[in-house]
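> I'd like to ask you about the structure that follows.
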Amino acid sequence: MKKNAVFIFSDDQLGYKFSDTHPFNQKRLTLTVDLLKEMNALSLSDIVAPRTATEEELSLVHDPQYIEIVKKASLENSDTNIYESYGIGTEDTPIFPHMHEASASLVGGTLTAVDYVMEGKASHALNLGGGLHHGFKGRASGFCVYNDSSVAIKYMQQKYNARVLYIDTDAHHGDGVQWSFYDDPNVCTISIHETGRYLFPGTGNITERGSGEGYGTSFNFPIDAFTEDDSFLEVYRTALNEIIESFKPDVILSQNGADAHYFDPLTHLYGTMKIYQEIPKLAHELAHKYCDGKWIAVGGGGYDIWRVVPRAWSLLWMEMNDIRTPEGGLPKAWLERWSKESPIPLIPTWMDPNPLYEPIPRKAEITEKNNQMLDKALFLLRQQQSYKKHQ
Ligand SMILES: [Zn+2]
């Protein structure tokens with residue numbers, strides 16, 4: 001029987017760990033799984049263990065030489081300074097034991113999710129361990145070693161001949177995935193992120209539209225620092241609705257970084273939990289409207305691991321399963337259990353306290369700037385659409 005959704009997870013995914021103090025902290029997976037189990041929203045029969053990606057699969061995207069370097073770095077006592085030109089052993093992406101195996105396992109998780117959906121065993125699949133969107137062909141970057149989404153997209157093209165829409169709502173530009181498919185007309189990448197003016201990786205301008213045959217299938221929506229829910233969602237909904245109508249994908253792959261929240265320590269956006277309720281809602285609706293339900297979702301950034309990520313990612317799984325947000329707030333047992341460990345008070349409700357912050361005087365100006373950006377970023381697409389209509 002076809003399942004509605006599967007949840008890809010095993011404790012192996014916690015092995016992707018740079019250090020005890022690094023901001024990328026997979027403890028958020030433990031917290032999320034525990035929260036969903038406590039609510040009875042996730043049962044053992046929903047969980048599927050990830051497989052490991054083979055070297056052949058990794059090399060669908062990554063240079064064999066880079067894979068060799070990652071493998072070498074994974075062995076203890078290796079000399080670190082030869083690796084920096086490959087982006088590893090840096091402050092952002094330090095070397096850790098079994099780095100290759102742990103990274104390949106996250107990619108394997110996304111491939112497991114893909115096979116479930118593309119073979120028709122489940123309509124949707126979620127791999128919160130994935131979403132490492134900064135991984136490049138021959139170089140690690142921004143906490144990402146191998147790029148699970150890029151490998152999964154190539155894999156879907158080769159094995160299932162699929163036309164893929166990639167939607168990235170992480171606060172950082174989805175650069176690795178974008179550049180991997182920049183000239184490919186059968187993969188459309190959309191990234192909504194805080195403008196690169198002051199934020200890593202600095203790319204993701206509206207003028208990055210693709211190249212060659214892929215021109216017009218790369219979309220970027222750089223929003224202003226301090227952008228709030230309404231403007232974020234206006235950009236997201238308008239962009240997604242117009243692009244999907246024109247691109248008509250076979251499957252949606254969404255990257256669900258949860259770092260656009262006001263609490264996130266690494267970014268400057270002012271989202272609240274509302275965006276994490278609304279983002280998956282539209283992706284879900286469109287997957288059914290255009291892709292016969294085929295929707296694969298992965299995790300991504302998210303650096304307030306106590307107050308933001310477990311709630312945001314639980315909302316994503318609940319949306320996949322048509323579970324309504326419980327009115328009574330988070331389960332008491334979960335709050336009690338983790339309050340002891342959390343360095344900050346946990347938030348007991350699904351949505352954030354309102355207001356969450358002092359009003360921003362520049363709100364109207366920021367909204368207006370984002371709207372102008374949105375129009376410019378969609379200009380070409382709208383021009384093509386009206387040309388088609390008048391043919
Ligand atoms: Zn991010």
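The values are calculated or read from the model by the stated rules, or taken from the named source; none is laboratory data. Computed from a predicted structure; not experimentally measured. All Cβ positions, glycine included, derive from the backbone under ideal geometry; neighbour counts span all protein chains shown. Heads up: the accessible areas ignore ligands, DNA and RNA and are worked out on the full protein's heavy atoms, side chains in. Shrake-Rupley method; radii C 1.70, N 1.55, O 1.52, S 1.80 Å.
> Hey, what's the Cα Rg ratio for segment 55-213 versus the globular rule of thumb, 2.2 N^0.38 Å?
Taking N as the residue count of segment 55-213, the ratio is 1.04.
> How far is it, in nm, from the label point at residue 230 to the one at residue 365 when both lie 7 Å from their Cα along the line to the Cβ?
1.8 nm
> Now for a different question. Taking amide H positions as placed 1.01 Å from N in the peptide plane, with prolines and chain starts having none, which residues 5 or more places from residue 227, or on another chain, fall under 5 Å of its amide H?
Counting only residues 5 or more places away or on other chains, the set is 270.
> Å³ per residue of the Cα convex hull, for segment 50-108?
80 Å³
> What are the ³J(HN,Hα) values, in whole Hz, obtained from phi via the Karplus relation 6.51 cos²θ - 1.76 cosθ + 1.60 with θ = phi - 60°, for each residue of segment 39-56 in sequence order, with x given for Gly and Pro?
Working through the residues one at a time gives 7, 6, 9, 9, 10, 4, 6, 7, 8, 10, 6, x, 8, 9, 6, 6, 5, 5 Hz.
> So for segment 52-204, averaging the separation of alpha carbon pairs under 8 Å that are six or more residues apart and normalising by length, what relative contact order in percent results?
Here the relative contact order equals 21 percent.
> If the viscosity is 0.692 mPa s and the temperature 37 °C, what Stokes-Einstein diffusion coefficient in µm²/s follows for segment 1-85 when Rh is the Kirkwood radius over Cα pairs?
Calculated translational D: 205 µm²/s.
> Using Cα-Cα distances under 8 Å and only pairs 6 or more residues apart, what relative contact order does the chain have, in percent?
The value is 17 percent.
> Bin width 5 Å, alpha-carbon pairs only: give the P(r) of segment 136-246 as whole percents, running from 0 to the bin holding the largest distance.
Computed distribution, short to long bins: 2, 12, 22, 23, 21, 12, 5, 1, 0.
> Counting Lys +1, Arg +1, Asp -1, Glu -1, what net charge surrounds residue 284 among other residues with beta carbon under 11 Å of its beta carbon?
-2
> Right, next: Enumerate the amide H contacts of residue 352 below 5 Å, restricted to partners 5 or more residues apart or on another chain; note that Pro and chain-start residues carry no placed amide H.
273, 274
> Counting helices only, and only those DSSP H runs with n ≥ 4, report the 222 nm mean residue ellipticity of the chain as the sum of -39,500 (n - 2.57) divided by its residues, in deg cm²/dmol to the nearest 500.
Helices in the chain give a 222 nm mean residue ellipticity of -12500 deg cm²/dmol.
> Sticking with this structure for a sec: Quick one: which residues, 5 or more positions from residue 139 or on another chain, have an amide H under 5 Å from its amide H? H modelled 1.01 Å from N in the peptide plane, none for Pro or chain starts.
HN-HN under 5 Å from residue 139: empty list.
> Does segment 289-391 come out rounded, prolate or oblate by the C-alpha gyration tensor, with a ≥ b ≥ c the root eigenvalues, rounded set by a/c under 1.5 and, if not, prolate when a/b is larger than b/c and oblate if not?
Oblate.
> Now a separate question. Per residue of segment 336-346, what does 6.51 cos²θ - 1.76 cosθ + 1.60 with θ = phi - 60° give for ³J(HN,Hα)? Whole Hz please, x for Gly and Pro, Karplus curve as stated.
Whole-Hz 3J(HN,Hα) from phi for segment 336-346: 5, 4, 8, 4, 5, 9, 6, x, 10, x, 6.
> Further question on the same structure: Given the chain reduced to its alpha-carbon atoms as identical point scatterers, what log10 I(q)/I(0) does the Debye formula return at q = 0.07 Å⁻¹?
Log10 of I(q)/I(0), two decimals: -0.29.
> What fraction, in whole percent, of alpha-carbon pairs in segment 326-386 exceed 13 Å separation?
That tail contains 76 percent of the Cα-Cα pairs.
> Would you please put 187-196, 167-176, 52-61 in order of how densely packed they are, using the mean number of other Cβ atoms within 10 angstrom per residue and starting with the highest?
Order by mean packing, descending: 167-176, 187-196, 52-61.
> Hey, which aspartates and glutamates would be in cross-link range of residue 363, C-alpha to C-alpha under 16 Å, not counting anything within fewer than 8 residues on its own chain?
Cross-link targets: 194, 224, 228, 229, 230, 234.
> Distances longer than 19 Å among the Cα atoms of segment 228-354: what percent of all pairs is that?
Summing the P(r) of segment 228-354 above 19 Å gives 52 percent of all pairs.
> Do the alpha carbons of any pairs in 17/376; 17/37; 3/159; 37/340; 2/340 sit beyond 30 Å of each other, and which pairs?
Check vs 30 Å cut-off fails for 17/376; 2/340.
> Accessible area per residue of segment 212-280 at 1.4 Å probe, in Å²?
Accessible area per residue: 29 Å².
> Quick one: divide the alpha-carbon radius of gyration of segment 86-147 by 2.2 N^0.38 Å and tell me what you get.
In units of the 2.2 N^0.38 Å rule of thumb, it is 1.26.
> What percentage of the solvent-accessible surface of the chain, computed with a 1.4 Å probe over protein heavy atoms, is contributed by carbon and sulfur atoms?
50 percent
> Where a Cα-Cα gap under 24 Å defines reach, which lysines qualify for residue 369, not counting those fewer than 8 residues away within the same chain?
Within the straight-line cut-off, residue 369 pairs with 274.
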